[in-house]
Amino acid sequence: MGIVLVSHSRALAQAAADLATGLVAGLDVVVEIAAGLPDGGLGTDGAAVAAAITRVAQGRGGTGVLVLADLGSAIMSAEAALEQLEESVAARTRISAAPFIEGLVGAYAAAGIGRDLEAVAAEALTASAAKEAQVGAS
């Protein structure tokens, strides 16, 4: 089980990955980053997302891949990437509507304890409800 972060900013995606691996240390989860443009600018690229998904899927012998995106057009790039993938890889890939940071931390922890793709995707989505409950309790 691996995770791909799709962001308009490479620095943001790297910081998110660093946060997750720092908060939930000691786990062996592949996190690939497909963020920013080749010239270092802000943006996303469907081909880069497809390449990152393929690396994760092939890196662990046919693993599932959860894709987390920071903004709407990053989701569009992830959707475009799915169309570029081999059918067997696309079938093992989910694009999540989870919040970027909270979803990543939950997904990273779930993947790290061996949960499958559907369970990891569900864990990422619970982050939104947990945050709503915390804010509502204030």
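Applying the set (1) part of a helix (DSSP H, G or I); (2) under 18 Å from T54 (Cβ atoms); (3) at pLDDT 95 or above; (4) open to solvent by 30 Å² or more (accessible area, probe 1.4 Å) to S77 leaves exactly one unmet item: (4). Set side by side, the residues A11, A15, A48 differ, and just one is crowded, with 17+ Cβ neighbours inside 10 Å, at pLDDT 95 or above, out of contact with any Gly (no Cβ under 6 Å at 6 or more places or on another chain) and not polar (S, T, N, Q), which is A48. In segment 18-40, which residue that is more than 22 Å from R115 (Cβ to Cβ) and touching a helix residue (DSSP H, G or I) at 6+ places or on another chain (Cβ under 7 Å) is surrounded by the fewest Cβ atoms within 10 Å (Cβ to Cβ)? That would be G36. Answer yes or no: is there a residue in segment 126-138 that is closer than 26 Å to L23 by Cα, part of a helix (DSSP H, G or I), free of Cβ contacts under 8 Å to residues at least 24 places away in the same chain and charged (D, E, K, R). Within segment 126-138, one or more residues are closer than 26 Å to L23 by Cα, part of a helix (DSSP H, G or I), free of Cβ contacts under 8 Å to residues at least 24 places away in the same chain and charged (D, E, K, R). Scanning segment 53-66 turns up no residue that is assigned to a strand (DSSP E or B), of a type outside the set (A, V, I, L, M) and within 14 Å of the chain's Cα centre (by Cα). Just one of the listed residues (L82, L27) is hydrophobic (A, V, I, L, M, F, W, C), assigned to a helix (DSSP H, G or I) and under 16 Å from G2 (Cα atoms), namely L82. Counting only residues that are within 13 Å of V105 (Cα to Cα) and out of contact with any strand residue (DSSP E or B) (no Cβ under 6 Å at 6 or more places or on another chain), how many does segment 17-49 have? Number of matching residues: 10.
The values are calculated or read from the model by the stated rules, or taken from the named source; none is laboratory data. Note that the coordinates shown come from a computational prediction; the quantities given were computed from them, not determined experimentally. Ideal geometry is used to build each Cβ from the backbone, glycine not excepted, and the neighbour counts take in all protein chains shown. Remember, those area values only see protein heavy atoms, side chains included, never the ligands or the DNA or RNA. Shrake-Rupley method; radii C 1.70, N 1.55, O 1.52, S 1.80 Å.
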